[in-house]
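What follows is a set of notes on a single structure, which appears directly below.
The values are calculated or read from the model by the stated rules, or taken from the named source; none is laboratory data. This structure is a prediction, so every number in the text was calculated from the model and none was measured. Because the Cβ atoms are built from the backbone with ideal geometry, glycine has one as well, and the counts that use them run over all protein chains shown. Only protein heavy atoms, including side chains, enter the accessible area calculation; ligands, DNA and RNA are left aside. Shrake-Rupley method; radii C 1.70, N 1.55, O 1.52, S 1.80 Å.
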Amino acid sequence: MKHYIDITLLPSDDIGVHFLWSKVMMQVHLALVEIQDSNRQVPVAVSFPNYKESVNKIPAFIGNKLRLLSVDKADLERLDIHKWLSRLADYVHIKHIAEVPPTVLVYENFNRRRKSGSPDKHIRRRMKRHNETLEQASDYFKNYTMKAEDRALPFIQMKSLESNNDFHLSIVRKEVEQGAKEVMFNTYGLNCDASLPKF
């Protein structure tokens, strides 16, 4: 990755940071969909420079900054993120395209983790899929608990444009070695094989 754009979220008294993340990430997703190739892949990655993991019962937090990265400056220009975030202009600060510092020594990866889910979610799904009553579905999941590592991850509340269902875009971060090959990303800007510069 050689070029990037930083987007800082500016929550206010009337709009909280979590609500703002939902709106910003939905617009970024739509922008990435517009530039996807025939394999539904894009040349632009997302990273979260202020990502904080859960420590000593302090909840994890995705931060207040989104970074868009690409190998080619032209891909960020084609994305035209200013256009996509124009309705949120009072709540975001978008910097100009810049070059990734050549002195980067640490690399990281951001990817989506599909959580095991809350018991209520599984009960509702079972009721629909198996035509069961609330009591039957609840009985099926009576010993179910959500995994602790899933509860600890930060997430962005999203809405599927295909099914119109709400879902949590849970983001997991890990440090990785510098990758030798270039990879493409999904329409959320994520790929588990990517190595993104941390700075």
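Some points to look at:
- Nearest-ten-degree value, helix 17-34 long axis tilted from longest Cα axis of the chain: 70
- Nearby lysines by direct alpha-carbon distance to residue 57 (threshold 17 angstrom, same-chain neighbours under 8 apart not counted): 147
- Here the alpha carbons of the chain define both size measures, Rg and Dmax, at 18.5, 60 Å.
- Accessible surface, per residue, of the chain when the full set of protein chains is kept, probe 1.4 Å, Å²: 61
- Entries of 52/83; 128/159; 52/142; 52/181; 2/65 with Cα pairs more than 26 Å apart: 52/83; 52/142; 52/181
- 12 Å beta-carbon shell around residue 79, net charge (K/R +1, D/E -1): -2
- Relative contact order computed over the chain (Cα-Cα under 8 Å; 6+ residues apart), in percent: 32
- Approximating the spin labels as points 7 Å out from Cα along Cα→Cβ, the residue 143-to-residue 120 distance works out to 2.5 nm.
- For the chain, the share of accessible area belonging to carbon and sulfur comes to 48 percent (1.4 Å probe, ligands and nucleic acids excluded).
- The angle between the Cα long axis of helix 119-130 and the longest principal axis of the Cα atoms of the chain comes to about 70 degrees, rounded to the nearest 10.
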